[in-house]
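The values are calculated or read from the model by the stated rules, or taken from the named source; none is laboratory data. Computed from a predicted model, the values in this text were never measured in an experiment. Positions of Cβ are backbone-derived with ideal geometry, glycine not excepted, and every protein chain shown enters the neighbour counts. Ligands, DNA and RNA are excluded from the accessible area calculation, which covers all protein heavy atoms including side chains. Shrake-Rupley method; radii C 1.70, N 1.55, O 1.52, S 1.80 Å.
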Amino acid sequence: MNLLHLLAADPLFNDGVDVGVVLIVALKTLITFAVLMVAVLFMVWYERKLISDMQNRIGPAKAGGRFGVLQSLADGIKLFFKEDLLPERADKRVFRLAPYLSAVPAFLSFAVVPVGGTITIASHQTNLQLADPPVGILFLLAMSGISVYGVMLAGWSSGSKYPLLGSVRASAQMVSYEAALGLSIATVVVVAGSLSTHAIVVDQSGAGPGGFLPSWNIIRLGVVPFVIFMIAATAELNRPPFDLVEAEQELVGGFHTEYSSIRFALFFLAEFMNTVTWSAIIVTLFLGGPSGPLLGVLPDWLWPIVWFLAKLMVFLSVYVWFRATLPRLRYDQLMDLGWKVLIPLSLFWLLVIAAVRVESWYAAVAIPAGLAIAFLLSRAMQVGRARVEEKVGQ
Amino acid sequence: MQLVSLFAATKVDSLTFILGAVIILGGALGVVLARNPVHAALMLVQTLFGVAVLFVAQGAHFLAAVQVIVYAGAIVVLFLFVIMLLGVDKEELVAAEPLQNQIPIALAVIAVVAAELLLLGRQRWATGAPSVVGRLEGPSRNVEQLAEVIFTRYLFAFEATSVLLVIAVVAAVALSRRSDGSDVDADYIAGIEAAEQALAEESDAEVTS
C-alpha cells in the first residue's frame, strides 16, 4: 500500500522546486496542449474518413492529398473567419461564457491521464503525465460535472426553444449517467486502493491471472464494470447512440443551434477533445494505461507511449463504429437504461467486488443474494407495468 | 498584529488563500446582488469553487473534489433545472420587498453568526498553519482518515443521514404519484386534447370571420 502511494507521487518534485522544475512543468503543459489539439484534428478527420468507409462513401478527399488529412484544419480555419452571431434574445454574458465552460474542463481532464512511463530531462526524473493529484480520478468526475454547465447554459442563454430543449435533455442525461459512471470507477478504486490515476496504472502492471494474461482491470473485475463504464462514458459524451441531445430531426442542432464561428468551434473542439480524453480514461482504468511488453527496436521509454496510443486508437475507432452502427435511443429508453439497468447493476457489482476483497466466501453469499434482489426488482417492475397497461386499457 | 502571521506563511500559501477568499467573497456578493436567478446560481458555483480551492490549500484534496462533484456538479445543476423549467428566470423588481423588516433581521443574524465564529475561534486570526487537528499527509491518506472517522466515531450520524436521504427519495416518488392510482400520463393526454380543441375552435373562428 505504502509503496503504491510513493509511486503515485511524481518524482519531479522530490528535491524541491527550482527553475528547472518549473520549466519542465511548463514544457509538459505546452506539449499536452499541443498533443491534444493535434489529437482532436486527427479525430475529426479519422471519424469522417472511417464512417464514410463504413457507409461506402469516399469522405474527405480534397484538402491535403488523396485522403484529405488536412480537412479538419481547413474546417477550423474556415470557422475562424465566419461571422460571429449574437442572438438578440440571448443572455449575452452567459452566452459568451458557455463555450469556455465546455472547452476548459475538456482540456483539464486530459491532464490526469498517464500517457507513458518515467523519463529523465536534464537530470530531472518525471512521469509522462501532466498532473497526478492524489484524488486523480475524482478530479475527472469533477471536470465532467462542470462541463454540464457549458451545455446547459449554452442552451438556456440562447433564448430560443430548441437549444433549451436540447440542453435540458443533455444535462438530465449527463447527471443521470454520472452515477453509473462513478460506481463503475469505484470498483476500480476498490481493487487499486488509490484514487490516483498513476497508482491505478501501476497497480495493473504486474502479471495477471494464469501468468500470461495481463493484470488489467477489465479482466480482474469481470467485464461488467468495463461495459458499464463504456456505456456511461458514451452517454456522458453525448455521442451516438446517446446523441438525442442534438437529434437533428427534432432539435435542429440541440444546445449549440444559435452558436456560430469561433464559439461553435469551441463546442466542437470540446466534444472531440472529450471523446479522446474519455477513451484515454477507459484505457487508464481498465486496460492498464501505457503498460505493455518492451519489444526492443525502439528505445525503452517510447514503448509505453506506443502501447498507450495503440489502445487509445482502438477506443476511438469503437466510438466511430458505434456511430455508424447503432440507431439513436429514445429519451425514455435512455432514462430506463441509466436508472433501471446500469445503476442497480453497477451497485451490485461493486458489492460483489468489495465482498471478494474482504473474504472470498462473502462473494458466494453476495452473488445469490444479488440475483434474488434482481429477480424481485424485475418482478416488481413487471407487475407495475402490467398495472399501468391495465389502467390504460380501460 | 496577528494578521501579520498570515503573511508569515509561505508566499504561495498566502497568495492561494487571498485568491480563494476573493473568489469566495466575490461569488457570495454576486449571489446576493445578481438580479437574474441564473446569474445568482452561477455566482454560487463560483463560491463553491473558491471553497474547493481553500480545501486544496489545506491539504483536503478529497473534500475539494467532492465539493465540486456534489455541490457544483449536482446540486446547483438541479437549482438551474428548476429555475429554467419553472420559467422564473426573469429579472426581479427590486422595489417590491416580499419580507417586511428583512434588512434589520439580516443584520442581527450576521452579528450573531460573527460573534459565534469569534467565540469558536477564541479570537485567533488565521495563523497560516494547517487548521486541522491531525496532519493530512501523503496521497490518499485523506480518504482513509475520512472513512475511518465516518465508519467508527460518526457511524450513527452517517447511517441516520442515509436513512434521511432514503426517506426523501421515497417521499419524492410518493408525491409524484396520484392517490387515485391514475397515471400522470392521463394529465398529459388531457392537456393535448384541450390544446387540440382550442386549435379547432380557433380555426372555426377564423373560418367564420
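Of all residues in segment A:82-132, how many are outside any helix (DSSP H, G or I) and out of contact with any Ser or Thr (no Cβ under 8 Å at 6 or more places or on another chain)? If you could, list the steps in order and put the result at the bottom.
Of all residues in segment A:82-132, those outside any helix (DSSP H, G or I) come to A:82-91, A:111-132.
If we keep only those that are out of contact with any Ser or Thr (no Cβ under 8 Å at 6 or more places or on another chain) too, we end up with A:86, A:88, A:115-117, A:121-124, A:131.
Counting residues in segment A:82-132 that are outside any helix (DSSP H, G or I) and out of contact with any Ser or Thr (no Cβ under 8 Å at 6 or more places or on another chain) gives 10.
Among the candidates A:Gly222, A:Gly182, which residue alone is over 19 Å from the mean Cα position of the chain (by Cα) and either in the same structural domain as A:Val94 (by TED's automatic domain parsing) or of a type outside the set (S, T, N, Q) (or both)?
Working: A:Gly182 fails: over 19 Å from the mean Cα position of the chain (by Cα).
Sole residue among the options that is over 19 Å from the mean Cα position of the chain (by Cα) and either in the same structural domain as A:Val94 (by TED's automatic domain parsing) or of a type outside the set (S, T, N, Q) (or both): A:Gly222.
Scan segment A:94-115 and tell me whether some residue there is charged (D, E, K, R) and within 12 Å of chain B (Cβ to nearest Cβ). Even if it seems obvious, please write down each step before you answer.
If we filter segment A:94-115 for residues that are charged (D, E, K, R), which is where we start, we get A:96.
Filter again for within 12 Å of chain B (Cβ to nearest Cβ), leaving none.
No, every residue in segment A:94-115 fails to be charged (D, E, K, R) and within 12 Å of chain B (Cβ to nearest Cβ).
Before we move on, is A:Leu164 facing chain B (nearest Cβ under 8 Å) and either open to solvent by less than 40 Å² (accessible area, probe 1.4 Å) or more than 18 Å from the chain's Cα centre (by Cα) (or both)? Write out each step before concluding.
On the way: facing chain B (nearest Cβ under 8 Å): yes; either open to solvent by less than 40 Å² (accessible area, probe 1.4 Å) or more than 18 Å from the chain's Cα centre (by Cα) (or both): yes.
In short, yes.
If I ask for residues that are small (Gly, Ala, Ser) and open to solvent by 10 Å² or more (accessible area, probe 1.4 Å), which ones from segment A:233-259 would you list?
Start the filter on segment A:233-259 by keeping residues that are small (Gly, Ala, Ser), which leaves A:233, A:235, A:247, A:253-254.
Selection gives A:Gly253 alone.
Among the residues in segment A:172-179, are any within 11 Å of another protein chain (Cβ to nearest Cβ), farther than 17 Å from A:Met335 by Cα, at pLDDT 85 or above and within 19 Å of the chain's Cα centre (by Cα)?
no
Is at least one residue of segment A:337-359 modelled with pLDDT under 85, surrounded by fewer than 19 Cβ atoms within 10 Å (Cβ to Cβ) and not in a helix (DSSP H, G or I)?
Yes, segment A:337-359 has at least one match.
For segment A:363-394, which positions are open to solvent by less than 90 Å² (accessible area, probe 1.4 Å) and either among the hydroxyl-bearing types (Ser, Thr, Tyr) or within 14 Å of another protein chain (Cβ to nearest Cβ) (or both)? Please lay out each step first, then the result.
Let us first name the residues in segment A:363-394 that are open to solvent by less than 90 Å² (accessible area, probe 1.4 Å), namely A:363-370, A:372, A:374, A:377-378, A:380-381, A:383-384, A:386, A:388, A:393.
Residues satisfying the conditions are A:Ser378, A:Ala380, A:Met381, A:Val383, A:Gly384, A:Ala386, A:Val388, A:Gly393.
Name the helices (runs of 4 or more DSSP H) wholly within segment A:153-233 that hold at least 3 residues that are closer than 30 Å to B:Phe79 by Cα?
Working: elements: A:161-192, A:197-203, A:217-220.
Those helices (runs of 4 or more DSSP H) span A:161-192.
Which count do you get for residues in segment A:278-304 that are more than 19 Å from the chain's Cα centre (by Cα) and in a helix (DSSP H, G or I)? Step through it out loud before you land on a result.
Restricting attention to segment A:278-304, the residues satisfying the condition of being more than 19 Å from the chain's Cα centre (by Cα) are A:291-304.
Right, trim to in a helix (DSSP H, G or I) and you get A:302-304.
So the count comes out to 3.
Got a number for residues in segment A:32-88 being among the basic types (Lys, Arg) and touching a residue at least 12 places away in the same chain (Cβ under 8 Å)? It would help to see each step written out before you state the result.
So the first thing to find is which residues in segment A:32-88 are among the basic types (Lys, Arg), and the list is A:48-49, A:57, A:62, A:66, A:78, A:82.
With touching a residue at least 12 places away in the same chain (Cβ under 8 Å) added as a condition, the list becomes A:48-49, A:82.
Counting residues in segment A:32-88 that are among the basic types (Lys, Arg) and touching a residue at least 12 places away in the same chain (Cβ under 8 Å) gives 3.
Does any residue of segment A:65-79 turn out to be small (Gly, Ala, Ser), outside any helix (DSSP H, G or I), open to solvent by 30 Å² or more (accessible area, probe 1.4 Å) and in the same structural domain as A:Met313 (by TED's automatic domain parsing)? Walk me through how you get there before you give the answer.
Taking segment A:65-79 first, the residues small (Gly, Ala, Ser) are A:65, A:68, A:72, A:74, A:76.
Next, only the ones that are outside any helix (DSSP H, G or I) stay: A:65, A:68.
Imposing the further condition that a residue be open to solvent by 30 Å² or more (accessible area, probe 1.4 Å) reduces the set to A:65.
Then keep just the ones that are in the same structural domain as A:Met313 (by TED's automatic domain parsing); that gives A:65.
Yes.
Quick one: which helices (runs of 4 or more DSSP H) lie wholly within segment B:5-66 and hold at least 2 residues that are open to solvent by 40 Å² or more (accessible area, probe 1.4 Å), touching a Phe, Trp or Tyr at 6+ places or on another chain (Cβ under 9 Å) and of a type in the set (D, E, K, R)?
Values: elements: B:11-33, B:37-57, B:61-66.
Per the criteria, no element qualifies.
Return the pairs, sorted by first residue and then second, in which the second residue is open to solvent by 60 Å² or more (accessible area, probe 1.4 Å) and hydroxyl-bearing (Ser, Thr, Tyr), the first residue lies in segment B:48-61 and is more than 10 Å from chain A (Cβ to nearest Cβ) and touching a residue at least 40 places away in the same chain (Cβ under 8 Å), the beta carbons are less than 8 Å apart, and the residues are 6+ apart or on different chains.
Matching pairs, first to second residue: B:Gln58/B:Ser131.
Give the residues of segment A:120-161 that are at the interface with chain B (Cβ under 7 Å from one of its Cβ atoms), touching a residue at least 12 places away in the same chain (Cβ under 8 Å) and within 16 Å of the chain's Cα centre (by Cα), sorted by residue number.
Across segment A:120-161, the qualifying residues are A:Leu138, A:Phe139, A:Leu141, A:Gly145, A:Ile146, A:Val148.
Restricting to segment B:166-188, what's the tally of residues that are in a helix (DSSP H, G or I) and either more than 24 Å from A:Arg387 (Cα to Cα) or at pLDDT 70 or above (or both)? Spell out the reasoning first.
Here is the first cut: in segment B:166-188, the residues in a helix (DSSP H, G or I) are B:166-175, B:185-188.
The next check asks that each one be either more than 24 Å from A:Arg387 (Cα to Cα) or at pLDDT 70 or above (or both); those that pass are B:166-175.
Qualifying residue count for the region: 10.
From the list A:Gly166, A:Gly159, A:Gly136, pick out the single residue that is at pLDDT below 85 and under 22 Å from A:Ile228 (Cα atoms).
Values: A:Gly166 fails: under 22 Å from A:Ile228 (Cα atoms); A:Gly159 fails: under 22 Å from A:Ile228 (Cα atoms).
Only one candidate qualifies: A:Gly136.
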